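Single-structure report; data block below.
The values are calculated or read from the model by the stated rules, or taken from the named source; none is laboratory data. Small disclaimer: the values here were computed from a predicted structure and weren't measured. Every residue, glycine as well, gets a Cβ built from its backbone with ideal geometry; the counts of neighbours run over all protein chains shown. Heavy atoms of the whole protein, side chains included, go into the accessibility calculation; ligands, DNA and RNA do not. Shrake-Rupley method; radii C 1.70, N 1.55, O 1.52, S 1.80 Å.
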Amino acid sequence: MERPWFVGLILAFGLVFAAAPPSAAQSSPTEAGAGATPAPDAAAAAGATMRTGRGGGPASTADHSRFKELAGPFASPAEVNQACLTCHNTGAEQLHGSIHYTWTWPTGKAGDGDAAKDKDQLLGMLHVANGFLLSVPSNIGACSSCHISGTRFDDAAMLDPSSEPKAPVDCLTCHEPTGKWALANFHEGGAACSMCHDQRLPGAVPDIKDLAAAARSIGPTTRASCGSCHFNADGGNGVKHGDLNADLAAPAATLDVHMAPRPDGRAFTCSTCHTTRDHVTAGSRYAGGPGEAPRRPALAGAAASCQSCHTDGPHQRVAGGARLDRHVDRIACQTCHIPEIARGETGTRVLWDWSTVGTLGRDARSMITKDRNGDIVYSSEKGSLMSAGSVKPTLVWSDGQLRTHRPGDPLPGPVAAVEAPAGAGVAGGDSAALETAFAGSPWISSYTGDAEDPASRIVPVKVMHSVVPVDADGGALAAVRFAGRSGEALWNRFDWKAAAGAGMKAAGLPFSGEVAFAKVRQMIPVNHMVAPAEQALGCQSCHVASGGLLADVPGGLVPRRGGMGLIEWVGLAILAATLAGVLLHGFARIGFSFFYRGPRHG
């Protein structure tokens, strides 16, 4: 016997269930990534590169402690390097062509005969401006103390492998596994302490006296050896990169599941993802977008991307995985799986106000001021500072192309004079007040991309807020000489005009002689500190009526963002009409069944 009322009831309940909002179970951490594992073949391939040797790096086929050439004794690091090059006889030539050596990323039509044009198209640390230590050319003597040549020099031309003389190479800087050699050599270079330290710390500087022992310890790069430079970029531990600091030398799985030791983590070293061939590291943050190829990283910072191991469908093995995989072509993996940066003991700098330098203590000497948490909030030599921990990254559209500024580039729009310290009113780490204070400030480094571009994805970045010196006539970013024996150095007499004049001259740029200050912002990519799956963002982090993480990200269709929009009202109206039709049809069938109990057709 037919039961039309039963069929109608089933259809009605089905439609009601389909229209229901996501439940807590649907947005649970398990669905958001728990249990997501690499594809078997990719995981096996990755594991093959993760056998660890001495110092936490990948295993090597050579035990350098057995080489008689490294038995020593050695009178200088140059002798160690010469011993290395007797076997690795093309190593120096290879290194001379790497971005680690030249601090330059080639772009555009290099070598087209227009030297000025070629120079304007070059990127990399040697060429671009930033909101931390501003620029390299005006401080090449101090900055080169941290160069992989292991030699301090005062002429940036030494970084050009086609020039003579060129800087030497220093094998121990990268291949001494503890990273202590790089730190010791940097301190011997004689750079001003304030280049890396906000305050002068007591105690002896690192020192390695037994060069033969250091030579015999040589092996593949480790997190410690890479981190001796990259953890301390632009002013100290964790200052520049919120996702890179000394906490990653031996992290817990809760800080980074890839770098944590087994069995909780995967024991990755830097070179597991940042692969090299002939001493050249693949990829660059300056080129390549997330949509350029299926297995490119979201910000193209390494040869290996998340998809290299986890495939383009990383959630296939978890509940609701198909729905999550529909996000992959528009949202970078890092967006959900790095919910916060600087999650360990080390914070990251979010404000650097150069306009306030020069206030001295009662003894007429440089001083520092700390807040109640012991963080330095003012330094005579660096101005007003602010650091923060457990920082939520800012989400932006990115096609992987970085738009940068150089010293001498004018800022867009008129230069607004900074009347008061930018840190005023944001003491104590008030990130909302900091964002408000810098709202509308120009970007000196930012990613291009938008929702209409199929090659763009939503990615996380750290936003750095800075008040930097500019040429008062035209608003061009100023290069500044910080340290040195001359009175022009900023940290000697705190004379901005003299320091900017010397810095612009060193950079080969015109200068009016007058200095102003401007608020600027800078985007810094976030790729490290990948959290365990259970800490990944859930659906409700974005799909809420207000206050979601995507609330300020323009474009795109994000269900439930901003309340009920026109398309959602239309959708609900169609759904309601469908449900009403089903119910009406069901009730009609039930009613007719009571009146026509006999055969309907004769």
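Among the criteria (1) within 24 Å of Ala507 (Cβ to Cβ); (2) at pLDDT 80 or above, the one Gly179 does not fulfil is (1). Is it fair to say Ser441 is assigned to a loop (DSSP other than H, G, I, E, B), surrounded by fewer than 24 Cβ atoms within 10 Å (Cβ to Cβ) and of a type in the set (Ser, Thr, Tyr)? The answer is yes for Ser441.
Is it fair to say Gly501 is touching a Phe, Trp or Tyr at 6+ places or on another chain (Cβ under 8 Å) and over 29 Å from Leu434 (Cβ atoms)? Reasoning before the result, please.
Numbers: touching a Phe, Trp or Tyr at 6+ places or on another chain (Cβ under 8 Å): yes; over 29 Å from Leu434 (Cβ atoms): yes.
Answer is yes for this residue.
Which one is most open to solvent (accessible area, probe 1.4 Å) among residues in the stretch 285-330 that are under 23 Å from Gln121 (Cβ atoms) and either among the aromatic types (Phe, Trp, Tyr) or at pLDDT 75 or above (or both)? Checking each candidate, the answer is Arg285. Residues in the stretch 459-488 that are open to solvent by 10 Å² or more (accessible area, probe 1.4 Å) and farther than 14 Å from Ala516 by Cβ: Val463, Arg481, Ala483, Gly484, Arg485, Ser486, Gly487, Glu488.
Taking the numbered list (1) in a loop (DSSP other than H, G, I, E, B); (2) open to solvent by less than 30 Å² (accessible area, probe 1.4 Å); (3) touching a residue at least 24 places away in the same chain (Cβ under 8 Å) in turn, Arg349 passes all entries but (1). Does Phe511 meet the test of being open to solvent by less than 30 Å² (accessible area, probe 1.4 Å), touching a residue at least 12 places away in the same chain (Cβ under 8 Å) and over 27 Å from Met529 (Cβ atoms)? Answer is no for this residue.
Okay, residues lined up against (1) at pLDDT 90 or above; (2) out of contact with any Gly (no Cβ under 8 Å at 6 or more places or on another chain); (3) outside any loop (DSSP other than H, G, I, E, B); (4) open to solvent by 60 Å² or more (accessible area, probe 1.4 Å):
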{"residue": "Arg362", "(1), (2), (3), (4)": "yes, yes, no, yes"}
{"residue": "Thr369", "(1), (2), (3), (4)": "yes, yes, yes, no"}
{"residue": "Gly374", "(1), (2), (3), (4)": "no, yes, no, no"}
{"residue": "Tyr378", "(1), (2), (3), (4)": "yes, yes, yes, no"}
{"residue": "Glu381", "(1), (2), (3), (4)": "yes, yes, no, no"}
{"residue": "Ser387", "(1), (2), (3), (4)": "yes, no, yes, no"}
{"residue": "Leu395", "(1), (2), (3), (4)": "yes, yes, yes, no"}
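Looking at this structure, is Asp256 in a loop (DSSP other than H, G, I, E, B), among the charged types (D, E, K, R) and at pLDDT below 90? Considered against the rule, which asks whether it is in a loop (DSSP other than H, G, I, E, B), among the charged types (D, E, K, R) and at pLDDT below 90, Asp256 comes out as no. Sub-7 Å Cβ pairs linking a first residue in the stretch 515-529 that is closer than 21 Å to Ile341 by Cβ and in contact (Cβ under 8 Å) with a residue 40 or more places away in the chain to a second residue that is β-branched (Val, Ile, Thr) and surrounded by fewer than 23 Cβ atoms within 10 Å (Cβ to Cβ), at least 6 apart or interchain, are Arg521/Val463; Met523/Val396; Met523/Val461; Met523/Val463; Ile524/Val461; Pro525/Val461; Val526/Val461, ordered by first then second residue. Against the conditions (1) touching a Gly at 6+ places or on another chain (Cβ under 7 Å); (2) open to solvent by 60 Å² or more (accessible area, probe 1.4 Å); (3) modelled with pLDDT of 90 or more, Pro454 satisfies every one except (3).
Residues of the stretch 482-513 that are assigned to a loop (DSSP other than H, G, I, E, B) and either hydrophobic (A, V, I, L, M, F, W, C) or touching a strand residue (DSSP E or B) at 6+ places or on another chain (Cβ under 7 Å) (or both): Phe482, Ala483, Ala489, Phe494, Ala507, Leu509, Phe511, Ser512.
Does Ala502 satisfy the criteria of being over 31 Å from the mean Cα position of the chain (by Cα), open to solvent by less than 20 Å² (accessible area, probe 1.4 Å) and more than 22 Å from His465 (Cα to Cα)? So Ala502 passes the test.
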